[in-house]
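Right, one structure below, let's go through it.
The values are calculated or read from the model by the stated rules, or taken from the named source; none is laboratory data. Everything quoted here is computed from the prediction, not taken from an experiment. Virtual Cβ from ideal backbone geometry, glycine too; neighbours counted across all protein chains shown.
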Amino acid sequence: MSSLLNELRTIVGDAHVLTEGDLGAWEQDWRQRARGKALAVVRPGNTAEVAAVVKACARHRTLYPDQALSIVPQGGNTSLAVGATPDDSGRQIVLSLQRMNRVRAVDSANMTLTAEAGCILQAVQERALAEGFLFPLSLAAEGSCTLGGNLGSNAGGTQVLRFGNTRELCLGLEVVNAQGEVWNGLTGLRKDNTGYDLRHLFVGSEGTLGIITAATMKLYPLPAAQLTAWAAVPSMQAAVTLLGLAHQHLGAGLTGFEVMSQFALSLVDKYFKQLRVPLFQDEPWCVLLENSDHESEAHARQQFEGLLEAALATGCVTNAVIAENLSQAKALWQIRESISLAQSQEGLNIKHDISLPISNIPAFVASTDAALAQAIPGVRLVNFGHLGDGNLHYNVQAPLGVDAANFLRDHEPEVNRLVFDAVTQFGGSISAEHGIGSLKVHQLVHYKSPVALAMMRSIKQALDPQSLMNPGRVLEL
């Protein structure tokens, strides 16, 4: 494949075709579940270069089909479903978008921001803030994940309750298709009924249909005040009751509602003592709430106090604190965002990113907790997530004294089957915001409608007949 590599060097420059040295930053996934071997890491600097790279790879695939060359688009490489790292064939080009990191435009009147796919999410948030707006997509990896990756996986985060997933924030895309052609759909229109909505097709496709190179995203007015509260609740059903009260008292001001189990918070307390986790020893669950008010801080505090008074009266909250300033609010959010880090310190674990009808979550948790405890005595459950939109990170940790790597090897298929069967029984989805990647691709055939899978394969075949784009992800072909 030396002739192809030489052509790619001509397109993007010698310095941006990496074949030697330590390529672990691109070949190793964030969770260290898999490491592949790339033919090369290619780092284009603009959309024209992306298109030229794809055309060159498509030509090579046509001339040498037996070599099975393919492309793995990659942003910040923070995928939790092993969707953006190469396999071990040595025949995949990792196409890194990290050099494409410009904010192209901010349209204040249209309340939109257009940025390239390699923009770090935090940089997009900061640019929006500098222009006097809110870009509400927020997640723990925002300092390293990229906008293109957020779009490719349809990322969620802590603000979905009010603003929706990345899909709902996107008004337009620029995409290089599998033939190396550029579709410029960066219109910024909120209404456009001129046929199939291609934007929605590419969002959440995990790079299997084309490469997102830029996007036009919605902006929102900055709130006059944001207040954060932390509440101890006696059960998951109590947390659901509190959520209903929060909707009644706060309305659209309710922008965050996170639930965290006692064991999840105990891990934060164990590994990050300086964070001083409040109230977690009082009850089996804690809830983190955020109220974004467009009137005043006094109005926001009055609403919050009314909500908590009602919650205490009904018994769905036994104790609560309201952050007195921004520093305290950030400290509470840092506790929530440190759960995954604390769990990784405890050892390898089996992660589940699931969604359920909110009304079914208490019964799901009770039933599945019991089934896992019976199947694996001593198993520990790290349960937390975005209760406000029905998304739980239902993670399974080895019993104390059991080697974590051996636990994964011996029990992961059994645990996944038990959890995913329960998710299906309670009307849920096996992937809420992390995507399918390669980690769940073999599971999807058991939990997705055959009709839906057939339509998805038809779309893949129509847009990428050579299977050039990220094969083995999302769909088994």
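All but one of (1) surrounded by fewer than 21 Cβ atoms within 10 Å (Cβ to Cβ); (2) closer than 29 Å to A81 by Cα hold for C286; which doesn't?
With respect to (1) surrounded by fewer than 21 Cβ atoms within 10 Å (Cβ to Cβ); (2) closer than 29 Å to A81 by Cα, C286 is out only on (1).
Please determine whether any residue of the range 29-47 is surrounded by 18 or more Cβ atoms within 10 Å (Cβ to Cβ), of a type in the set (V, I, T) and out of contact with any helix residue (DSSP H, G or I) (no Cβ under 8 Å at 6 or more places or on another chain).
Looking through the range 29-47, at least one residue is surrounded by 18 or more Cβ atoms within 10 Å (Cβ to Cβ), of a type in the set (V, I, T) and out of contact with any helix residue (DSSP H, G or I) (no Cβ under 8 Å at 6 or more places or on another chain).
Given the residues A141, A130, which is the only one that is surrounded by fewer than 24 Cβ atoms within 10 Å (Cβ to Cβ) and touching a Gly at 6+ places or on another chain (Cβ under 8 Å)?
That would be A141, the only listed residue that is surrounded by fewer than 24 Cβ atoms within 10 Å (Cβ to Cβ) and touching a Gly at 6+ places or on another chain (Cβ under 8 Å).
If you go through the range 405-421 one residue at a time, do you hit one that is modelled with pLDDT of 95 or more and not in a helix (DSSP H, G or I)?
No.
Could you tell me whether the range 10-20 includes any residue that is in contact with a helix residue (DSSP H, G or I) (Cβ under 9 Å, 6 or more places away or on another chain), part of a helix (DSSP H, G or I) and within 13 Å of V94 (Cα to Cα)?
The answer is yes; a qualifying residue exists.
Take S467 and tell me if it is of a type in the set (S, T, N, Q) and part of a helix (DSSP H, G or I).
Against the criterion (of a type in the set (S, T, N, Q) and part of a helix (DSSP H, G or I)), S467 does not qualify.
Mind checking whether some residue in the range 209-218 is out of contact with any helix residue (DSSP H, G or I) (no Cβ under 9 Å at 6 or more places or on another chain), surrounded by fewer than 16 Cβ atoms within 10 Å (Cβ to Cβ) and within 25 Å of G435 (Cβ to Cβ)? First the steps, then the outcome.
Applying the first criterion (out of contact with any helix residue (DSSP H, G or I) (no Cβ under 9 Å at 6 or more places or on another chain)) to the range 209-218 yields 216.
In the following step, the residues that additionally are surrounded by fewer than 16 Cβ atoms within 10 Å (Cβ to Cβ) were identified as none.
No, because not a single residue in the range 209-218 is out of contact with any helix residue (DSSP H, G or I) (no Cβ under 9 Å at 6 or more places or on another chain), surrounded by fewer than 16 Cβ atoms within 10 Å (Cβ to Cβ) and within 25 Å of G435 (Cβ to Cβ).
Take the conditions over 24 Å from E290 (Cβ atoms), in a loop (DSSP other than H, G, I, E, B) and in contact with a Leu (Cβ under 7 Å, 6 or more places away or on another chain) and apply them to G378. Does it pass?
yes
Residues are listed down the side, and each one gets a yes or a no for (1) buried (at least 20 other Cβ atoms within 10 Å of the Cβ); (2) closer than 23 Å to L408 by Cα; (3) out of contact with any helix residue (DSSP H, G or I) (no Cβ under 9 Å at 6 or more places or on another chain):
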residue: Q334; (1), (2), (3): no, no, no
residue: H352; (1), (2), (3): yes, yes, no
residue: I361; (1), (2), (3): yes, no, no
residue: A375; (1), (2), (3): no, yes, no
residue: N383; (1), (2), (3): yes, yes, no
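What is the one condition in (1) of a type outside the set (D, E); (2) within 24 Å of V233 (Cβ to Cβ); (3) surrounded by 15 or more Cβ atoms within 10 Å (Cβ to Cβ); (4) not assigned by TED's automatic domain parsing to the domain that holds L245 that P357 does not satisfy?
Checking P357 against (1) of a type outside the set (D, E); (2) within 24 Å of V233 (Cβ to Cβ); (3) surrounded by 15 or more Cβ atoms within 10 Å (Cβ to Cβ); (4) not assigned by TED's automatic domain parsing to the domain that holds L245, the one that fails is (3).
Taking S340, is it surrounded by 15 or more Cβ atoms within 10 Å (Cβ to Cβ), part of a helix (DSSP H, G or I) and hydroxyl-bearing (S, T, Y)?
Working: surrounded by 15 or more Cβ atoms within 10 Å (Cβ to Cβ): yes; part of a helix (DSSP H, G or I): yes; hydroxyl-bearing (S, T, Y): yes.
Considered against the rule, which asks whether it is surrounded by 15 or more Cβ atoms within 10 Å (Cβ to Cβ), part of a helix (DSSP H, G or I) and hydroxyl-bearing (S, T, Y), S340 comes out as yes.
Here are the criteria: (1) of a type in the set (A, V, I, L, M, F, W, C); (2) surrounded by 22 or more Cβ atoms within 10 Å (Cβ to Cβ); (3) out of contact with any Leu (no Cβ under 9 Å at 6 or more places or on another chain). Tell me which single one L312 does not satisfy.
(2)
Consider Y447 carefully, then state whether it is aromatic (F, W, Y), over 20 Å from Q159 (Cα atoms) and touching a residue at least 24 places away in the same chain (Cβ under 8 Å).
Yes: the conditions hold for Y447.
As an exercise: evaluate A224 against (1) buried (at least 24 other Cβ atoms within 10 Å of the Cβ); (2) at pLDDT below 95 and give the number of the one condition it does not meet.
Against the list (1) buried (at least 24 other Cβ atoms within 10 Å of the Cβ); (2) at pLDDT below 95, A224 comes up short only on (1).
Within the range 428-461, restricting attention to residues that are under 19 Å from V72 (Cα atoms) and among the small types (G, A, S), which residue is farthest from the chain's Cα centre (by Cα)?
Taking the candidates together, the pick is S438.
So, D282, is that one in contact with a Ser or Thr (Cβ under 7 Å, 6 or more places away or on another chain) and not assigned by TED's automatic domain parsing to the domain that holds L169 or not?
yes
I'd like the full set of residues that are within 10 Å of the chain's Cα centre (by Cα), of a type outside the set (S, T, Y) and at negative phi, limited to the range 150-167.
Those that are within 10 Å of the chain's Cα centre (by Cα), of a type outside the set (S, T, Y) and at negative phi: N150, L151, G152, A155, G156, N165.
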